[in-house]
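Nothing in this text is a laboratory measurement; each read-out follows from the coordinates by a stated rule. Note that the structure is a prediction, hence the values are computed from the model and not measured. Here the Cβ is made from the backbone with ideal geometry for all residues, glycine too, and neighbour counts use every protein chain on show.
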2 protein chains.
Amino acid sequence: MSILEMSNHNRPEQPVGVFDSGIGGLTVVRAIKDLLPKEDLFYLGDTARLPYGNKDRLTIERYSLEIAGLLAAEGAKLIVVACNTASALALPRLHEVFRIPIIGVIESGARAAVAQSQKRRIGIIGTRATIASGAYERAIQAIDPGIAVLSQPCPLLVPLIEEGMFDHSVTIEMLHHYLDPLIAERIDTLVLGCTHYPLLKKTISDMIGEDIVLVDSAENCAAQVLEVLRETRLENRAERPGNLEVALTDSSNPFFKTADRVLELNISRVQTRIVQGVTMAAI
Amino acid sequence: MSILEMSNHNRPEQPVGVFDSGIGGLTVVRAIKDLLPKEDLFYLGDTARLPYGNKDRLTIERYSLEIAGLLAAEGAKLIVVACNTASALALPRLHEVFRIPIIGVIESGARAAVAQSQKRRIGIIGTRATIASGAYERAIQAIDPGIAVLSQPCPLLVPLIEEGMFDHSVTIEMLHHYLDPLIAERIDTLVLGCTHYPLLKKTISDMIGEDIVLVDSAENCAAQVLEVLRETRLENRAERPGNLEVALTDSSNPFFKTADRVLELNISRVQTRIVQGVTMAAI
């Protein structure tokens, strides 16, 4: 049976596939497990090629197609793009190629931000590629064209988070550098537009104060997964908790243990999937 | 003619191929151009998959074979692995596969450090993968087993350099964090074990003072290229300055312009080479 045929015969007991460039998407896994504890989840982190956030659209599209293909081969009934960069740049191309429902994190984040914002001034932080794509602006202004969107690329936050430097003075200094201009613009809502950022939620929250609402795309994405599974009647109704399988394209990611611990996922085993590059046939 | 046959018929007018995970290896290009101004150079930066420094040996070997294969296809008469991580982890495998002479940056850096060190206490800074490989220790202690080698992984320096934050207070703070323990260990020589780090040479030099000698692997690697080209009679004796061609596997690298300017390479055109991933034939 080809993957295409399979995608027309999805069954509730198939897993939800989740992918990210690396480990950050586990924040989305945590949110899906909380909301949909019976679903089996297959998480694929493309750690061999991370980060996506400073690469170009063609590269991000190609990687996203390849990784989504691996998840389709695992029998995923629905694919979650738990990576803001891939959601911002590759979702249209993924929808062209795959019949399986595919959910990104931008649209749900944009909807939640619009629902929260009273003053209609929303700040977005993300990777360079996510911010440059303008995807959040478009998604927010498609709902309400009158909302002001202030965007800030934060290229150093992912490396700092991967080093586990959540409260380090250097992280605080960089956060001030990135967030102070947004605060000065009197935003009342701040979207954490990268799946790594929820790990800095407390530090960011302390810095921006209570008057600015934080929107975590992970939680909102999980709500959309629930919605789509109900609509398509693919919700798993098994009388047992769902499994979580994790595969990475590279075996060495020191950040993995930190994320597993902080998110309390208790991942016992990590598989490796090779994304094959050029063949060396000529040599 | 296959690549293998071609490698047996190298001619002086063929280019020297240079590769790195990204842009940092341009510091090696600068050093080669200074020492061997008549050589044509073909530089390939694997920006679509950078960084290599936090990935595993199998991934780094696979990427290095693929990129070296692309340089062989460009007719390279000699290949320079202008990346400490790839030199540390993939050089033995590259030598197994290719007949073309292949030069890494570790051995020349180690030799220069041993020659410089009076107190026989050498510090090494590099990426996580380079330091974990122990390649510098082995290379130094193969020359003189009595030398003490103190190693320090510096995972945040590459992102900071790529942001152009050469003198930023955050960079200074991280440098203190990484270098102070080495200074406390009374090293008299410090190897910049990553091709990005020469761009921080002045900042590091000011911090560690005049008593510690800095060893820049770029310069020493260029000297080894000269040596091998003479030995193999492949030196280009053309009466004109050599060309520099640059190709990257991803088009968007904001650090490229900074490096080009700082290194005064005046690169006019950047080509793109796609390193093909898995085929999507199943879909």
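Here are the numbers:
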| item | result |
| --- | --- |
| Exposure proxy ranking, count of Cβ atoms within 10 Å, fewest first, for B:His168, B:His196 | B:His168, B:His196 |
| Cα-centred dipole magnitude for the protein assembly as shown, charges only on beta-carbon of K, R (+1) and D, E (-1), debye, nearest 20 | 840 |
| Peptide ranges A:149-160, B:41-52, A:242-253 listed from the most packed, as the mean C-beta count within 10 angstrom indicates | B:41-52, A:149-160, A:242-253 |
| Calculated over chain B: convex hull of Cα atoms, volume per residue (Å³) | 140 |
| Exposure proxy ranking, count of Cβ atoms within 10 Å, fewest first, for A:Phe19, A:Phe166 | A:Phe166, A:Phe19 |
| Chain A: calculated mean residue ellipticity at 222 nm from DSSP helix runs of at least 4, using -39500 (n - 2.57) | -13500 deg cm²/dmol |
| Relative contact order of chain A, defined on C-alpha pairs under 8 angstrom at six or more residues apart (%) | 26 |
| Sorted largest first, extent of the protein assembly as shown alpha carbons per principal axis (Å) | 71, 54, 44 |
| Under-5 Å amide H pairs with B:Lys38, H placed in peptide plane, nonlocal only | B:Gly242 |
| The range B:172-283: C-alpha pair distances exceeding 22 Å, % | 58 |
| Whole-Hz ³J(HN,Hα) from phi, Karplus 6.51 cos²θ - 1.76 cosθ + 1.60, for the range A:236-253, glycine and proline x | 7, 10, 4, 8, 8, x, x, 7, 10, 10, 10, 10, 10, 8, 8, 7, 9, 9 |
| Footprinting exposure proxy for A:Thr59, A:Thr203 (fewest neighbouring C-beta atoms within 10 Å first) | A:Thr203, A:Thr59 |
| Alpha carbon centroid spacing (whole Å) that separates the range A:166-210 from the range B:127-179 | 29 |
| Nearest-first distances (nm) between copies at A:Arg269, label 7 Å from Cα via Cβ | 5.3 |
| Euclidean distance of C-alpha centroids, the range B:1-80 and the range B:224-269, integer Å | 10 |
| Cα Rg, Dmax (largest Cα-Cα span) when computed across the range A:98-188, Å | 14.7, 46 |
